[in-house]
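Have a look at the structure below before the remarks.
The values are calculated or read from the model by the stated rules, or taken from the named source; none is laboratory data. Just so we're clear, the structure is a prediction, and the values are computed from it rather than from any experiment. We place every Cβ from the backbone using ideal geometry, glycine too, and count neighbours over all the protein chains shown. Only protein heavy atoms, including side chains, enter the accessible area calculation; ligands, DNA and RNA are left aside. Shrake-Rupley method; radii C 1.70, N 1.55, O 1.52, S 1.80 Å.
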Amino acid sequence: SDEKKPNYSPEPKVFAKLVVDLVKKYKVTDRVTIQSFDLRTIIAVKEIDSKFKTSALLSSRPKEKLPDLAKRVRADIISPYYGFIKGTDVTALHAINVKVIPWTPNSTSNWKKLSAMKDFACWQARW
């Protein structure tokens, strides 16, 4: 949801309940990861049912450290824009059992940059 455009979607708690109820109705909880750029939605999903797997989508580097953010929103996965993730981020997130799945490294050169990271082997081991 977007606080500046409230008519575009329900508020995060309402949206999370709608999604959780639908996933439970079709009994696919174990096959679903709820992901959102709106971290309030991730928090709301975990408040409704902590067993749901969640992924925090990040379009830019937040001010807080990624492990702190993951703990605060209770995300199982951090999905950052590939351009700002560092090997040290991956190591720190893996240390608290949070997976890292970057988004949009859609070219060979971008994947080469990611694979050149010092801790990329640690990253690969978690896939």
request  = Name the residue, out of R61, R72, that is over 27 Å from T29 (Cβ atoms) and either over 13 Å from the mean Cα position of the chain (by Cα) or open to solvent by 50 Å² or more (accessible area, probe 1.4 Å) (or both).
outcome  = R61
task = Search the stretch 7-31 for residues being of a type in the set (D, E) and exposed (fewer than 14 other Cβ atoms within 10 Å of the Cβ), and hand back the single one that is farthest from K53 (Cα to Cα).
result = D21
inquiry  = Going by what's in this entry, would K51 be described as basic (K, R) and surrounded by 17 or more Cβ atoms within 10 Å (Cβ to Cβ)?
reply    = no
